[in-house]
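To start, the structure itself, in structure tokens.
Read the figures in this text as sums done on the coordinates, not as results from a lab. Treat the numbers as computed from the prediction; the structure is a model and nothing was measured. Every residue, glycine as well, gets a Cβ built from its backbone with ideal geometry; the counts of neighbours run over all protein chains shown.
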Amino acid sequence: MALRVKEIVKMIESMAPKEYAMEWDNVGIQIGSENKEVKHILIALEINEDVLKMGEENGIDLIITHHPLLFKGLKSINFDTYQGSLLHRAIRDDLHIYSCHTNIDVAPEGLNQHMAEKIGLKNIEVMAVEDRKPYVKFAVYVPQDDVEKVADAISKGGGGVIGNYSHCTFRTAGKGTFLPGEGANPSIGEKGSMEYVDEVKLETIVPKKDLHRVIQQVKDAHPYEEVAFDVLSLENIDQRAGLGRRGVLEEPLLLSDWIKRLKDRLRIDSIKVSGNLDHRIQSVGILNGSGADYIPLAIQQGLDCFITGDVKYHDAQNAMDADLDILDIGHYESEIFFVDFLADFLEENLKEHNQGLEENEQIRIHRDRTLPNPFKTL
């Protein structure tokens, strides 16, 4: 059975929900339909003419990028502009485009986490726990004999998950009352007779995006004709998600030796350095893309070294005054790993779907690593 764009998106957003994206960002489907059938997927850092050409030549159905093609609202699409020509070409050639940007950066097992692990940090923690994932508190009233059945239904719908724990609930015993009226078809009691039932108030937490599914699962599992439940909005902070990661090296290293190791692990030729090469470091932070705004936080957290891209002169000067070493590896160099990271994730998640299918029926992942770095070191 063929998968559609919406099912590929569901895989990605199981790891990096859209709700994780920063307010200024624009993630999700950029061009196309969620009902498009998908056989070939291309992963790229961003959309340009070469990426679209690769899509056309390889029969690509869906292009997934890190950088969104559309950041702000469009007032017109002029085919004579560069962006307009890309949009025209993608639509003309039926190339559907989906972007996951800051949502995959901040996700607990997302790109920032991947980079922290890649450079060898231990005891990894989130640097900036600032993301809010919309939750609701869900409470439903259930006869005692049906509590486990309804609790399982909540879990099946996506509720009751806190960190690495599932089936998280709080239960309070009480007495439920109801008087079935004309037209009612009660599973307990009779029309016109007041009923008193030993019930349990079953409370849990549910991601807002999963609320409708949880309610439907509960209604299907609940014995009552009319199900009583409460929904309360929450502003809980997900402590596992946020921008940047910090950790420690297995042993202290001279900054000069750490730079050599970093260049080898990230396969880069040069790094802009602000700091003392003879400084012995152990606590390290990393933030993909443009992370200079988080230098004050790195200082506040007492880090020895902070790795990011797009650092300006005064940012580096402020870090130097605070004895924080800065390694500017470049915006491109810190984000190009998105391609292999997401491609590996999708290939793993598509194994079950592809198993047993003929090769020409399997969903294939293509990787575009050809996007050139706009900067050259001479």
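Values for this structure:
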{"item": "Residue exposure sequence - R364, R261 - by fewest surrounding Cβ within 10 Å", "result": "R261, R364"}
{"item": "Set of lysines with alpha-carbon distance to K263 below 29 Å, sequence-local pairs under 8 removed", "result": "K118, K122, K272, K312, K376"}
{"item": "Residue among M320, N164, L62 farthest towards the positive dipole end of the chain, charges placed on Cβ", "result": "M320"}
{"item": "Of G291, G73, G330, the one that fluctuates the most in a GNM where the chain has Cα springs shorter than 10 Å", "result": "G73"}
{"item": "Net length gained if the chain between L357 and L254 were fully extended (0.36 nm per residue, minus Cα distance)", "result": "31.9 nm"}
{"item": "Among K208, K149, K39: highest mean-square fluctuation, GNM of the chain, C-alpha pairs under 10 Å", "result": "K149"}
{"item": "FRET efficiency estimate (nearest 0.05) - Cβ-Cβ, F375 to S166, R0 35 angstrom", "result": "0.15"}
{"item": "Prolate/oblate/rounded call for the chain, Cα gyration tensor, a/c under 1.5 rounded", "result": "oblate"}
{"item": "Rounded Å value of the spacing that divides the Cα centres of the range 61-81 and the range 201-244", "result": "35 Å"}
{"item": "Within the range 252-282: backbone nitrogen closer than 14 Å to the D344 label point (7 Å, Cα to C-beta)", "result": "265-267"}
{"item": "Rounded FRET efficiency, nearest 0.05, which uses the C-beta distance separating R213 from S193 and R0 of 22 Å", "result": "0.05"}
{"item": "Reachable lysines from K53, criterion Cα separation under 22 angstrom, eight or more residues apart if same chain", "result": "K36, K39"}
{"item": "The chain: antiparallel DSSP beta bridges as a percent of all, rounded to 5", "result": "70 percent"}
{"item": "Ascending count of other beta-carbon atoms within 10 Å, so fewest first, for C168, C100", "result": "C168, C100"}
{"item": "Difference of contour (0.36 nm per residue) and Cα-Cα distance, A184 to A322", "result": "42.5 nm"}
{"item": "Lys, Arg +1 and Asp, Glu -1 on Cβ, resulting dipole of the range 135-234 about Cα centre, debye, nearest 20", "result": "540 debye"}
{"item": "Residue order, fewest to most beta carbons within 10 Å, for S99, S76, S283", "result": "S76, S283, S99"}
{"item": "Average projected area [Cα convex hull, the range 104-213], square nanometres", "result": "9.5 nm²"}
{"item": "Reachable lysines, given that their alpha-carbon falls under 22 Å from the alpha-carbon of K191 and they are not under 8 places away in the same chain", "result": "K175, K219"}
{"item": "Fluctuation leader among V284, V142, V339 - the chain, Gaussian network, Cα springs under 10 angstrom", "result": "V142"}
{"item": "Structure-based [θ]222 nm, the chain - -39500 (n - 2.57) summed over DSSP H runs of at least 4, per residue, nearest 500", "result": "-9000 deg cm²/dmol"}
